[in-house]
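Data first, discussion second: the structure below is written as structure tokens.
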Amino acid sequence: METDPGRESKNEKQKTGDLWRFVGVASTVGINMVVSTFVGFALGYWVLDKYLDTAPWFTIILTFLGIVAGFRYLFKIAQKAGEKDDN
């Protein structure tokens, strides 16, 4: 029994597309973690602590909140991926 060459090509294209989609989502999560942490740090250090003279408290608090926001996005993406796998 011979296999259809067109069908194999379609499956390979699907696997390649899924791989690139996964790479895109993974890079988005990584970039989001870095950006959210940096934004929290920047707001705390350069905006609030410099002008209110409260160093280092707002830097610490907003950096922590930026990290939390990054992990929250990570869990949100993982939950969506889990729901997609269930279907």
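Across the chain, how many lysine pairs, 8 or more positions apart or on different chains, have C-alpha atoms separated by under 28 Å? Please give the number.
Qualifying lysine pairs in the chain: 9.
Work out, step by step, the length gained on full extension between ILE60 and LYS76: first 0.36 nm times the residue separation, then minus their alpha carbon distance; give nm to one decimal.
Contour length minus the Cα-Cα distance gives 3.3 nm.
Using only Cα atoms, tell me the angle between helix 57-86 and the longest principal axis of the chain; keep it within 0 to 90° and round to the nearest 10.
20
³J(HN,Hα) across the stretch 14-26 via Karplus (A = 6.51, B = -1.76, C = 1.60, θ = phi - 60°), whole Hz, x for Gly/Pro?
Along the stretch 14-26, the couplings run 5, 5, 5, x, 5, 4, 5, 5, 5, 4, x, 5, 4 Hz.
If you take every residue apart from PHE58 with its C-beta less than 14 Å away from the C-beta of PHE58, what net charge results, scoring Lys and Arg +1 and Asp and Glu -1?
Summing Lys/Arg as +1 and Asp/Glu as -1 gives -1.
Per the Kirkwood treatment, what hydrodynamic radius in Å, one decimal, follows for the chain from the mean inverse distance over all distinct Cα pairs?
15.8
Can you show me the helix-derived [θ] at 222 nm for the chain, built from DSSP H runs with n ≥ 4 at -39,500 (n - 2.57) apiece and divided by the number of residues, rounded to the nearest 500.
For the chain, the value works out to -28500 deg cm²/dmol.
Please state the relative contact order of the stretch 29-87 as a whole percent: Cα pairs under 8 Å, 6+ residues apart?
After rounding, I find 40 percent.
Any read-out appearing in this document is the output of simple, stated calculations on the displayed coordinates, not a laboratory observation. All values reported here derive from a predicted model rather than from experimental measurement. Note that each Cβ is placed from the backbone with ideal geometry, even for glycine, and that neighbours are counted across all protein chains shown.
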